[in-house]
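J.: After the structure tokens below, expect a handful of questions from me.
The values are calculated or read from the model by the stated rules, or taken from the named source; none is laboratory data. On a predicted model such as this, the values are computed, not experimentally measured, just so you know. Cβ placement follows ideal geometry from the backbone for every residue including glycine, while neighbour counts extend to all protein chains displayed. Note: areas computed on protein heavy atoms with side chains; ligands, DNA, RNA excluded. Shrake-Rupley method; radii C 1.70, N 1.55, O 1.52, S 1.80 Å.
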Amino acid sequence: MLLGIMFCIIVMKLNLTTGIIPSLNVSAGLLGFFFIKTWSKLLEKFGLLKTPFTRQENTVIQTCVVACYGIAFSGGFGSYIMGMSRKIYQQAGTDIAGNTAENIKDPSLSWIIGFLFVVSFLGLLAVVPLRKIMVIDYKLTYPSGTATAVLINGFHTPQGDRLARKQVRALGKYFTFSFLWGFFQWFFTSDFISTSV
């Protein structure tokens, strides 16, 4: 759940700043393995866990994380839902062609939940026939799914734990650098804006 929340925040930031998101399947599989493997080892030390962490469990975690950020992106919270709000309608100007009061949508929580169910099940209903045609009939391989499967299979080997730690350290190092650089830019930009206004 925490990974899903973290990836939703990342996707929302990317959606609001660039409008597109990359496939984060591999990083979801990596971080899922790292956190659950660490948690499993801790529980094993105290004698609370007897079964190993398997590939299937890693795949379920990765799939749930991808579904969480997929709903955050497909729900339109970084694009069209925000663009239909009353505030945007007023900021754009009421005299603009096509910007009419009928297009305003300030959704309530119950509307958002219903909308997300429709979006999710519409995607599910579209994926089933596409899977049959593309994967089963044409036997196409998909790079992100194949890369995630190879990564998860590689983690569940004797050397996989060490490899995962190395990759998470590298990911953490670049995340820290990116965060600090963004923090620096934020201070620079806020100073520039306050002096120019």
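J.: Per the Cauchy relation, a quarter of the hull surface: what is the mean projected area of the convex hull of the alpha carbons in the chain, in nm²?
T.: Working: hull surface 68.2 nm².
So the mean shadow area of the Cα hull is 17.1 nm².
J.: Looking only at GLY93, GLY29, GLY123, which one moves most when the chain is put into a Gaussian network model with springs between Cα atoms under 10 Å?
T.: GLY93
J.: Same structure again: Please give the helix 2-17 orientation as an angle from the longest Cα principal axis of the chain, in degrees from 0 to 90, rounded to the nearest 10.
T.: Once rounded, the angle reads 40 degrees.
J.: Mind listing the phi-derived Karplus ³J(HN,Hα) values for the range 147-159, rounded to whole Hz, using 6.51, -1.76 and 1.60 with θ = phi - 60°, and x for any glycine or proline?
T.: 5, 5, 5, 5, 5, 5, 4, x, 5, 8, 10, x, 8
J.: Compute and list, largest first, the equivalent-ellipsoid semi-axes of the range 10-118 from the alpha carbon gyration tensor, each √(5λ) rounded to a whole angstrom. Provide the component values of the computation, followed by the final result.
T.: Numbers: eigenvalues 359, 40, 22 Å².
Semi-axes (√(5λ), whole Å): 42, 14, 11.
J.: Same structure, new question: Ranked highest first by the average count of other Cβ atoms within 10 Å around their residues, in what order do 175-185, 76-86 fall?
T.: On the way: 175-185: 10.2, 76-86: 14.5.
Peptide ranking by packing, descending: 76-86, 175-185.
J.: Put a dot 7 Å past each Cα toward the Cβ at PHE117 and LYS139; how far apart are the dots in nm?
T.: The two pseudo-label positions are separated by 4.2 nm.
J.: Using only helices, what value at 222 nm comes out for the chain when you add -39,500 (n - 2.57) per DSSP H run of length 4 or more and divide by the total residues, to the nearest 500 deg cm²/dmol? List each step's numbers first, then the result.
T.: Values: 8 runs with 141 residues, N = 197.
Value at 222 nm, helices only: -24000 deg cm²/dmol.
J.: Taking the chain as the reference, fit the longest principal axis to its C-alpha atoms, fit the long axis of helix 25-45 to the helix C-alpha atoms, and give the angle between the two in degrees, 0 to 90, nearest 10.
T.: Here the helix axis deviates by roughly 50 degrees.
J.: For the Cα atoms of the chain, what angle does the longest principal axis make with the long axis of helix 55-74, in degrees from 0 to 90, nearest 10?
T.: The answer is roughly 0 degrees.
J.: Trypsin sites (Lys or Arg not before Pro), restricted to the range 1-77: which are DSSP loop and have at most 16 other Cβ atoms within 10 Å? Kindly include the intermediate steps, with their values, before the conclusion.
T.: Details: sites: LYS13, LYS37, LYS41, LYS45, LYS50, ARG55; in loops: LYS50.
Of the trypsin sites (Lys or Arg not before Pro), the ones in loops of the range 1-77 whose Cβ has at most 16 other Cβ atoms within 10 Å are LYS50.
J.: Same structure again: Pop out the carbon and sulfur fraction of the accessible area of the chain as a percent, whole number, probe 1.4 Å.
T.: Working: 10170 of 14140 Å².
In the chain, the share of accessible area belonging to carbon and sulfur is 72 percent.
J.: Skip the ligands, DNA and RNA, and give the accessible area per residue of the chain with a 1.4 Å probe, whole Å². Don't jump to the answer; show the numbers that get you there.
T.: Working: 14140 Å² over 197 residues.
Roughly 72 Å² per residue, with all protein chains present.
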